[in-house]
Every structure is written in C-alpha cells, then in structure tokens.
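> First, the structure itself, so that you have it in front of you.
The values are calculated or read from the model by the stated rules, or taken from the named source; none is laboratory data. These numbers were taken from a predicted model, which means no experiment stands behind them. Methodologically, a virtual Cβ is constructed for each residue, glycine included, from the backbone with ideal geometry; neighbour enumeration extends over all protein chains shown.
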Amino acid sequence: MREGDVVLEPSLVDLGDIRLNASVDFQARVINRSGREVQIESVSAGCGCSRIEIDCSRLASGAAATLSGTLRTSATPGILERPITMETPGGERVVAGTLRANVRRMLRWRPETLVVRPDVIRGSEADGEFVIENHSDEPVTLQAPRFASPTVTAEGAAQEIPPQGSVRLHVRARNTSVSPQSVELTVGTSLPSEGILTLPVVIRPVEFVEALPRTVHFGVVRRAELRRRSDVTVRLRGPMLRQVMLESVATPPYLDLVPTDSAAGDVWTFRFRTSDTFDGGTLAGAIRFHLRHRETNETFPVDVAVHGFLIEELKPDREKEV
C-alpha cells in the first residue's frame, strides 16, 4: 500500500477551537483509491490522546467507510496536529489525512510570566500583578494562591471570576539574592478542564550600580600591540553608589588595574592597562567589581564583559643554507 491509496475526505479533520482537557468526537470518510481491495487492521493519530475506529476493515476498490474517533486534549495549549495513519496486517503504513485542533485554555493570564523588580539589596520588596481571564460561559472560583517559595506572597482569599470576566491577583516578592530567581504560583480552580493553574514569577533585582561600558571590545590584537600597554576606562554610576564601598576588583590575566583614588562620589572611574606579562590566549573574560553595602554588609558583583582575539605575528621561514 502506497501513499494516496487510502485517503480521508476531507483530508484535514479540523476540530477548530476546543478546551484543554476536553474530549471531542469526530468523523471522516475513508476511500480506497488503490484499484484493489485493501484490508485495514488499525488506525492511529500518532499519540495516545486519541482513539480511532473504522466501521469496515476490508475496503473494495473505490469503496468508502466511516472513520470515527475521539480526541482528548490533554496536551499543552496551542495547535495540535497529528497524522492519521492506516496500517495493514502486513505492517504497511500510509498517512491518509491529518487531525488538527486549536487547544485553548478557558482560563488565561497576563502576563505569561510576571517579572517583579525589587531592589538588589537583600530583603527589598516589590509588587506585581496577574490578570486572570475567564473565557468560559460559566463562573469560575479561584482557590487561595500558593507559592512554593516563602519569598513570594499573593492575596490569599478565594475569589470568583464571572463568565467572560477577569480578576486581578496581586503579588509581592522579597529579594533574597542578587541573581534572578524563578518561582511558581499555583492556583486551584473550580473548572474541571483547567484543574490547577501554574503561574510563573521571576524575581529580577534592579541593578542600582551600572557599569559603563558593559562590554570592553579589543577586536583583533597582535601580541606586539598588546605589549604597548594600552589603557581601558570603566565607570560605575548609580543612585545608590554612595551607599556601597569597593571590596576588590578581579581582572582577566591580560589586564592590570591602574591604582587611582577615584572610587568615591556619584561616578567611579577605573583605569585598566594591558599586561606586558600575558602569555597568550583569547582575550575573553570579565572585569568583576565586588561591592559591599555599608548598612546591610551584603556583597554583590558588577561585571564588565571583555572580548577580543589575540593573534601571533607571522615570521618568515629562514632560508635554508646551501
């Protein structure tokens, strides 16, 4: 059996918009165009989310049968597309058509991921908000929200969303790290097709000390040029710069910090000089400033990326002595 011997009419079984975790029945006609009798042992749609049957396992040339199936949308929301495959007792398989559905949640939220921006200092708090929309024709009750992390809280009362309505869910996050953190808010619902909603939250601390430039580009550098010890200037600035002190500065092996007294005031200026002892390698890495907050005693880094390529001087081969 070859492709085109057995086909569906229509070739695309489009179920349109259907709910997540819902079961939908469908039918289509199967036509034998092979010019001979065909025996069909099984019909599948490429996954365990569907059950498909055919009312006649033997099809004479030109004959038609009815294909009936049920799709359960247990997959993630979005376009679901599966090939409908026929298999003979001898193991031959052909794709007769396609099953498609647009799986949609009845409860949706904005934004898809909530980003909360507390201050970089440990213990700082910031607020955010989800809007949860009910696209069904029945009221839905949201249970009290729960977080897997004690650093995030949400309004704890259960509330009802009217049909085609929405509610706002207020979130407050406390910073415990200078690095971004990802947590999940889970909300139970009274809608069986939705079950428990999982709303992602990212805590991304605000950098109140900024490095300029953020990246130092050397480009392509010959070793002789690196030995000339060119200077690189980096500035730190920010509204809370007066509340921190410089603990240390770490540099790649090809850069040396030029001692200055500029780490004070609203803008700090640092000069770095290429090293005359660098043995070679790729000009990559980072300049890292370790800062300490004067009141909380917390330390945090500010990085400046460094990029470039070091190439060797090409030396001509010595002429062989004759």
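> Among the listed residues 31, 40, which satisfies the condition of being without any contact (Cβ under 8 Å) to a residue 40 or more places away in the chain, surrounded by 15 or more Cβ atoms within 10 Å (Cβ to Cβ) and not small (Gly, Ala, Ser)?
Only one candidate passes the filter, namely 31.
> Checking the condition modelled with pLDDT under 85, out of contact with any strand residue (DSSP E or B) (no Cβ under 7 Å at 6 or more places or on another chain) and more than 24 Å from residue 176 (Cβ to Cβ), which residue from 261, 266, 231 passes?
261
> Among what's in the stretch 166-194 and is charged (D, E, K, R) and part of a strand (DSSP E or B), pick the residue that is surrounded by the most Cβ atoms within 10 Å (Cβ to Cβ).
Top of the filtered list is 174.
> Now a separate question. So, in the stretch 195-228, exactly how many residues are among the small types (Gly, Ala, Ser) and buried (at least 19 other Cβ atoms within 10 Å of the Cβ)?
1
> So residue 148 ticks every box in (1) within 30 Å of residue 297 (Cα to Cα); (2) assigned by TED's automatic domain parsing to the domain that holds residue 16 but one. Which box is left unticked?
It fails just one condition, (2).
> Residues in the stretch 105-124 that are more than 30 Å from residue 241 (Cβ to Cβ) and at pLDDT 85 or above: how many?
Looking only at that region, the number is 8.
> Further, regarding this structure: Look through the stretch 10-23, keep the residues that are assigned to a strand (DSSP E or B), surrounded by 12 or more Cβ atoms within 10 Å (Cβ to Cβ) and not aliphatic (A, V, I, L, M), and return whichever of them is nearest to the chain's Cα centre (by Cα).
19
> In the stretch 86-128, how many are among the β-branched types (Val, Ile, Thr) and assigned to a loop (DSSP other than H, G, I, E, B)?
Total meeting the criteria: 4.
> Let me ask something else about it. Any idea which residue in the stretch 130-143 is surrounded by the fewest Cβ atoms within 10 Å (Cβ to Cβ), counting only those that are touching a strand residue (DSSP E or B) at 6+ places or on another chain (Cβ under 8 Å) and part of a loop (DSSP other than H, G, I, E, B)?
Top of the filtered list is 139.
> A follow-up question, please. Yes or no: the stretch 43-56 includes at least one residue that is modelled with pLDDT of 85 or more and closer than 21 Å to residue 195 by Cα.
No.
> While we're here: Suppose we filter 273, 288 for residues that are part of a strand (DSSP E or B) and either at pLDDT below 90 or farther than 21 Å from residue 303 by Cβ (or both); which single one remains?
After ruling out the rest, the residue left standing is 273.
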